[in-house]
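None of the figures in this text is laboratory data; all of them are computed from the coordinates on show. Everything quoted here is computed from the prediction, not taken from an experiment. As a convention, Cβ positions derive from the backbone with ideal geometry for all residues, glycine included, and neighbour counts pool all protein chains shown.
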């Protein structure tokens with residue numbers, strides 16, 4: 001089946017690879033601020049994670065064709081990619097916020113407060129930038145975006161669940177709060193190194 | 001020529017951001033959700049006191 005071999009398998013591998021092996025938080029160290037800041041309760045972590053998935057996928061879908069335009073020989077402005085991405089992501093977050101505020105109050109209640117925080121989440125810019133730096137086509141860019149953002153959601157949710165358990169555990173006074181959270185994140189990063197090589 | 005195009009693109013994107021930011025700020029929140037904010041208890045990561053999401057009304 002050529003379709004499976006040439007499209008589905010690489011697509012699935014790209015998603016698994018960017019989700020687990022090359023995790024955006026634990027391997028590439030992007031998006032640490034929301035990872036530590038909004039992970040005290042699983043409900044907040046889930047809200048932030050879903051909002052990040054939404055924005056990363058949308059930003060990748062919009063920025064990929066923009067880069068193709070900038071890289072055209074007639075335009076020849078590929079060096080402007082980063083500044084264009086920053087402005088596009090910032091505007092996109094505001095546009096999504098406007099849309100949600102106007103048409104979906106329930107979504108606004110669960111995601112609305114996290115949307116402005118995502119403007120400054122470097123994971124979004126990092127994914128969009130890596131899509132173009134690696135010269136991925138549109139389908140693989142979307143696979144990278146979906147995998148990376150779901151990886152962020154997965155890690156922030158697991159981390160929040162661990163932090164809830166840590167709250168009730170007997171932690172030494174000097175380690176309470178962010179200190180033990182950082183130690184936990186380091187152990188999680190070490191655990192994720194164990195997945196290296198899984199997807200070939 | 002290309003420098004002019006680059007400047008125009010940046011100005012257009014900055015203008016787009018300013019317009020969307022102002023529209024988002026001025027648009028009223030849905031009924032009953034006017035004071036939905038990130039609580040200080042749930043957001044202690046960056047300790048940024050000037051963050052508009054953490055400010056009290």
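Comparing A:94, A:134, A:43 in a Gaussian network model of chain A (Cα springs below 10 Å), the most mobile by mean-square fluctuation is A:134.
Relative to the longest principal axis of the Cα atoms of chain A, the long axis of helix A:81-103 lies at roughly 70 degrees.
Across peptide B:14-21, how many C-beta atoms of other chains are within 10 Å of each residue C-beta, on average? Walk me through the numbers on the way to the answer.
Details: counts 4, 2, 7, 11, 2, 3, 9, 8.
Neighbouring Cβ atoms belonging to other protein chains average 6 per residue here.
Counting neighbouring Cβ atoms within 10 Å and putting the fewest first, the residues A:171, A:6 line up as A:6, A:171.
Rg and Dmax, both from the Cα atoms of segment A:17-193 and both in Å, are 17.4, 64. Anisotropy class assigned to segment A:152-200 is prolate, per the alpha carbon gyration tensor with a/c at or over the 1.5 cut-off and a/b larger than b/c. Evaluating kT/(6 pi eta Rh) at 37 °C and 0.692 mPa s, with the Kirkwood radius of segment A:1-44 over Cα pairs in the Stokes-Einstein relation, gives 263 µm² s⁻¹.
In what order do A:138, A:157 fall by count of nearby beta-carbon atoms within 10 Å, going from fewest to most?
On the way: A:138 13, A:157 18.
Starting with the residue having the fewest Cβ neighbours, the order is A:138, A:157.
Given the DSSP H assignment, sum -39500 (n - 2.57) over each helix run of at least 4 residues in the protein assembly as shown and divide by its residue total; what's the result at 222 nm in deg cm²/dmol, nearest 500? Mean residue ellipticity, 222 nm, calculated: -20500 deg cm²/dmol.
Among A:17, A:141, A:130, the largest mean-square fluctuation in a Gaussian network model of chain A (Cα springs under 10 Å) belongs to A:130. Considering all different alpha carbon pairs of segment A:57-100, the Kirkwood hydrodynamic radius works out to 11.0 Å.
Tell me the label-point distance for the pair residue A:138, residue A:109, using the 7 Å Cα-to-Cβ offset, in nm and rounded to one decimal. Using points 7 Å along Cα→Cβ, the separation is 3.7 nm.
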